[in-house]
Amino acid sequence: MGYTFNIQNGIVRMPQWRMAEPLNFQLRDDEHLAIIGPNGGGKSMFVDILTGAHPLLPTATSDIRPTNIKYITFRDSYGAYDNTYYLQQRWNQAEIDEDTPTVAEELEHAFLVSGDDTPERRTLQQHLYDLFSIRYLLDKYIILLSSGETRKFQLIKALLSRPSVLIMDNPFIGLDASTRDQLSDLLTTLSHESNLQIILVLTRTDTIPSFINKVVKVENLKITELTTLEAPSPLPLGGVGGICSSPLGVTEGDCISMRHVTIRYGERTILRDLNWTVRQGEHWAIEGENGSGKSTLLSLVCADNPQSYACDISLFGHRRGSGESIWDIKRHIGYVSPEMHRAYQKDLPVIRIVASGLQDSIGLYVTPKPSDYDICRQWLRTFGIEHLADRTFLKISSGEQRLVLLARAFVKSPDLLILDEPLHGLDDNNRTLTKQIIEAYSTQPGKTLIMVTHYKEELPPCIDHHLILRRQ
């Protein structure tokens, strides 16, 4: 089928790990593997060892042949375009470089470079397009894809290369329920009917597909094979601290008012004649399939989308275009999203990343006061990551990064909290903790919440309003 992975007496030395025993691991070529474990436990480093990207010490013996292995992390989905994606081009089509590829062009290139142009491979290509329902995306620029659409694109691109081993890091997050089921069915079919060996890196233990026949837990880079799944440790009720009252305060009334809002990009309509009002103290869930306009809607609220000036939109009682600056709006808002996470490439100490939330900046251009750092450490403590304060952002795991960006969103105790898929990449315990923090924060008087998630069970109990968007 795939490959036999065999590591004996391998030792990996990193400053944050003190291994008590050598690393030993074997995966037969007929086994499909799920790798689970806590955030920061070493899952990504273990995958690097399996793919040959991380060298073992010479004392280790290993049988790892990293040819024809495809590893998808979903981190660098936009390649060279990522630098301008988040801040500018995501919402301003007029400034997209004419050389920016479309989905069809990128997938066709991936098809041609990975094998002969045969009828059988063309059939596979068209089958994947239909399976993931992406034909409506083929003429779309890569940088205009939503988070979920980007994952579909990357999965198809990988499968077109017909790898012997496919390793995917959290493939199900960011996908709506229908697409998650489609992907699980596809992987199940591939595992039974082809020579593809599948390895999944998962933070949610409830998303392990039925075809997986080997599960290991990685914690402090110690590998433990599991025969049964462990339930997450219960968190003490009332254990969420560090919730501060807001120093800003929005007057009572509407936080957001949109009247007959329509957003188009070329011939493509994203939002059509939308009327939506959010009053102070309300807690909203925004739902909809991938590509239905959820991220576009949030970009209008966060003052990132230039089309908002041509629409009838009022934020915090001020009509857009009436003289307020972007920063007048952003000072009331705490925000985190998959796009923001993907584009955040500042390798600053974690404490400074959190402090940047006080100034609404990507980096940190104003030196915080000692009292500001005290607040930052309080929020790091609330999210259980105070020990990361002096580590740099790009040197910690993706799940730990998400917790840092959440602390950054909360740090100024904003009047409006906008959380787009906030639990992406979090392990079971951190997902439970973060949900408790969101609930405790949002139930304070006057706090307004807007949350996007494709998992209904992730919504906190405080949610009292729902907006469902349909793909146009």
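Where a number appears in this text, it was derived from the coordinates with a stated rule and is not lab data. The shown structure was predicted, so the numbers you read here are calculated from the model rather than taken from an experiment. Here the Cβ is made from the backbone with ideal geometry for all residues, glycine too, and neighbour counts use every protein chain on show.
Each residue, residue 226 and residue 309, gets one label point 7 Å from its Cα in the Cβ direction; the gap between the two is 5.1 nm. Each peptide in 204-210, 284-290 receives the mean, over its residues, of other Cβ atoms within 10 Å, and ordering these scores from highest gives 284-290, 204-210. Peptides 118-126, 176-184, 410-418 ordered by packing proxy, namely the average of other Cβ atoms within 10 Å per residue, highest first: 410-418, 176-184, 118-126. Amide H to amide H distances under 5 Å link residue 71 with 167, where only residues 5 or more positions off or on other chains count and H is placed in the peptide plane. Partners of residue 152 within straight-line reach, counting lysines whose Cα lies under 20 Å from its Cα and excluding those fewer than 8 residues away in the same chain: 70, 140, 294. Of the beta bridges in the range 154-227, as assigned by DSSP with both residues counted there, near 50 percent are antiparallel.
Summarising the amide proton neighbourhood of residue 226: residues at separation of 5 or more, or on other chains, whose placed amide H is nearer than 5 Å comprise 215, 216, 217.
Sequentially through the range 387-403, phi angles give Karplus couplings (6.51, -1.76, 1.60; θ = phi - 60°) of 5, 8, 3, 9, 6, 8, 4, 7, 9, 10, 6, 4, x, 5, 4, 4, 5 Hz, Gly and Pro residues having no value and appearing as x. Rounded to whole numbers, the Karplus 3J(HN,Hα) couplings from phi for the range 212-218 are 5, 10, 8, 10, 10, 9, 10 Hz, using 6.51 cos²θ - 1.76 cosθ + 1.60 with θ = phi - 60°, and x at Gly and Pro. Amide H contacts under 5 Å for residue 255: 278, 279, 280, restricted to partners 5 or more places along the chain or on a different chain, H placed in the peptide plane at 1.01 Å from N.
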